[in-house]
1. For segment 140-162, which residues satisfy the criterion of being open to solvent by 50 Å² or more (accessible area, probe 1.4 Å) and modelled with pLDDT under 90?
2. Run V48 past the list (1) assigned to a strand (DSSP E or B); (2) closer than 27 Å to E179 by Cβ; (3) not acidic (D, E) and report the number of the one that doesn't hold.
3. What are the residues in segment 90-116 that are surrounded by fewer than 16 Cβ atoms within 10 Å (Cβ to Cβ), over 17 Å from the mean Cα position of the chain (by Cα) and in a strand (DSSP E or B), if any?
4. Only residues that are of a type in the set (D, E, K, R) and either open to solvent by less than 70 Å² (accessible area, probe 1.4 Å) or touching a residue at least 40 places away in the same chain (Cβ under 8 Å) (or both): list them for segment 167-202, please.
5. Among the residues of segment 127-138, is there at least one that is within 30 Å of P198 (Cα to Cα) and either touching a helix residue (DSSP H, G or I) at 6+ places or on another chain (Cβ under 9 Å) or assigned to a helix (DSSP H, G or I) (or both)?
6. Looking only at segment 62-72, decide whether some residue is among the aliphatic types (A, V, I, L, M), touching a helix residue (DSSP H, G or I) at 6+ places or on another chain (Cβ under 8 Å), outside any helix (DSSP H, G or I) and farther than 18 Å from E179 by Cα.
7. Going by the structure shown, is A165 over 24 Å from the mean Cα position of the chain (by Cα) and among the small types (G, A, S)?
8. Residue check, I119 against (1) in contact with a Phe, Trp or Tyr (Cβ under 7 Å, 6 or more places away or on another chain); (2) buried (at least 16 other Cβ atoms within 10 Å of the Cβ), all met but one. Which one?
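The values are calculated or read from the model by the stated rules, or taken from the named source; none is laboratory data. Quantities reported herein were computed from a predicted structural model and do not represent experimental measurements. Cβ: placed from backbone, ideal geometry, glycine included. Neighbour counts: every protein chain shown. Surface accessibility is based on the protein's heavy atoms, side chains included, excluding ligands, DNA and RNA. Shrake-Rupley method; radii C 1.70, N 1.55, O 1.52, S 1.80 Å.
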Amino acid sequence: MFVLSILLLIAAVVLFLVGRGKDRGWKIGAALSAVGAVLAGVFACVHVVSAYEVGVPVTFGKIGRPLNSGVQFKSPFTEVTSFSTRPVDLNLYDKDVVEVRSAQGGVLYADVTIKWAVIPAKAVELYRLAGSEEAVEERLVLPDSREIIRNVFAKHTSEEGYASAREQIGSEIAALVKERLAPRGIDVTNVNLRNVKPSDKLQDQIDKKIQQEQATERAVEAARTAKAEAERKRIEAEGIARANEILAKSLSDKVLYNQCLEAFKEAAKANPVYAVPCGTDANGTPVIVDGTKN
């Protein structure tokens, strides 16, 4: 725009000089050129920063203060580079998924979404590091985030990475990414560790480990059951032995003789006269029981 202003001004001077002493058309052309040159010069000194953007002015290689949203006046020799301050999602999944290794060397694939935005007050620092809005993600957010994600997973085991410590790992990644990018003019508002998937080789190792643990648990349970059964039988045998011991002590010859008579009295009800082989001595003298008499 400034170059156009100079050209129009030159045209106005030429028309004025050539048109001296001639008809008014030349003078009108010179006047219109001059007006156009002034307008072009004014527009060259005005820059509009859109809403949700911040501008970084550069004049002959010297970086000025950031320009906020609205109409801003500048030198015609100043170029303004704009950066959007709207939040941007960096999605690391599918073809951009982050391949990481655990402390044990297992390969995992981490799906991560990072929400970031430019800090307006630090737009100058961001301009020095990246140079343009398009380069911010490519040169700063993406490589730094990948590096941090790999470093965090490398401190944890494979099992922690895909299962038990996922929440802790996500928090560690978020804290480190914010700490790394904040001084560079980037505000990270959220880091979401969406999914962690083991590689095929690691998944096979996990399945084998689970099978081994299940087999071990079954063996331990079988041993526990066998031990409990053996303990039950021991207690039962001790109870029987103790009962027999008590019974043996309580049964005298006279008691056995009386019990024998009572048993054969019942039998004699069906047979009037019955020989009962009971006795009080070791040989057992037979006793005749008459079932007809009470």
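1. Scanning segment 140-162 gives E159, E160, Y162.
2. Unmet for V48, out of (1) assigned to a strand (DSSP E or B); (2) closer than 27 Å to E179 by Cβ; (3) not acidic (D, E): (2).
3. None - no residue of segment 90-116 is surrounded by fewer than 16 Cβ atoms within 10 Å (Cβ to Cβ), over 17 Å from the mean Cα position of the chain (by Cα) and in a strand (DSSP E or B), so the list stays empty.
4. The answer is E172, R184, D187, R194, K197, K201.
5. Yes: one or more hits.
6. Yes, because at least one residue in segment 62-72 is among the aliphatic types (A, V, I, L, M), touching a helix residue (DSSP H, G or I) at 6+ places or on another chain (Cβ under 8 Å), outside any helix (DSSP H, G or I) and farther than 18 Å from E179 by Cα.
7. Criteria not met by A165.
8. Going through the list (1) in contact with a Phe, Trp or Tyr (Cβ under 7 Å, 6 or more places away or on another chain); (2) buried (at least 16 other Cβ atoms within 10 Å of the Cβ), I119 breaks only (1).
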